[in-house]
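The values are calculated or read from the model by the stated rules, or taken from the named source; none is laboratory data. What you see is a predicted model; the values in this text were computed from it and never measured. Note: ideal-geometry Cβ built from the backbone for every residue, glycine included; neighbour counts use all protein chains shown.
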Amino acid sequence: MIPVRHNAVEVDFDGARARLRVHGMDVFDDHDLANSLTQGLGIPTPPIAGVFPVHAKVSFDVEWDGALAMAEIENTAQLFKGTFLSTGATIAWSAEQHGFQFQSDDPADPKANLISVLGREKNGVFFS
């Protein structure tokens, strides 16, 4: 888990809106999932060559906006309950490392969103 500044997150659950903004976060670019899981060693089958992770910086701005549907869930046996809102969402994303940079479409296309959910839940000792 990578922590973000407290002011990077804004939530107005009752207004069905939230936003996560991060700029210039230091990360490792692992090239692909196989190298991420093996710390750059690759895998033999299917053959995926090892690629050592490199330092990179990422920035992103995710916005959830507008309730499309709502679900109330409660499972007393597992001490869990919550309210979940299906929403629209967009993300603007960029990454850079030595010799390479990427930026998502600008402006972000809300039609590219398959599903996004905001939730408010209570569980465990906070269930009651």
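Observations on the model:
- If you go through segment 89-128 and pick out every residue that is in contact (Cβ under 8 Å) with a residue 60 or more places away in the chain and either within 17 Å of residue 61 (Cβ to Cβ) or acidic (Asp, Glu) (or both), you end up with 2.
- Note on segment 1-49: among residues that are in contact with a Lys or Arg (Cβ under 8 Å, 6 or more places away or on another chain) and small (Gly, Ala, Ser), the one that is farthest from residue 119 (Cα to Cα) is 24.
- Among residues of segment 44-66, those that are within 16 Å of residue 94 (Cα to Cα) and in contact with a Gly (Cβ under 9 Å, 6 or more places away or on another chain), counted: 4
- Strands (runs of 3 or more DSSP E) within segment 12-128 that include 2 or more residues surrounded by 13 or more Cβ atoms within 10 Å (Cβ to Cβ) and touching a strand residue (DSSP E or B) at 6+ places or on another chain (Cβ under 7 Å): 17-29, 54-75, 80-97, 117-123
Matching residues to (1) farther than 22 Å from residue 20 by Cβ; (2) of a type outside the set (D, E, K, R); (3) at pLDDT 95 or above:
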position	(1), (2), (3)
37	yes, yes, no
72	yes, no, yes
76	yes, yes, no
110	no, yes, no
126	yes, yes, no
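- Scanning segment 106-127 for residues that are in contact with a Leu (Cβ under 9 Å, 6 or more places away or on another chain), over 14 Å from residue 86 (Cα atoms) and not basic (Lys, Arg) gives 123, 124, 125, 126, 127.
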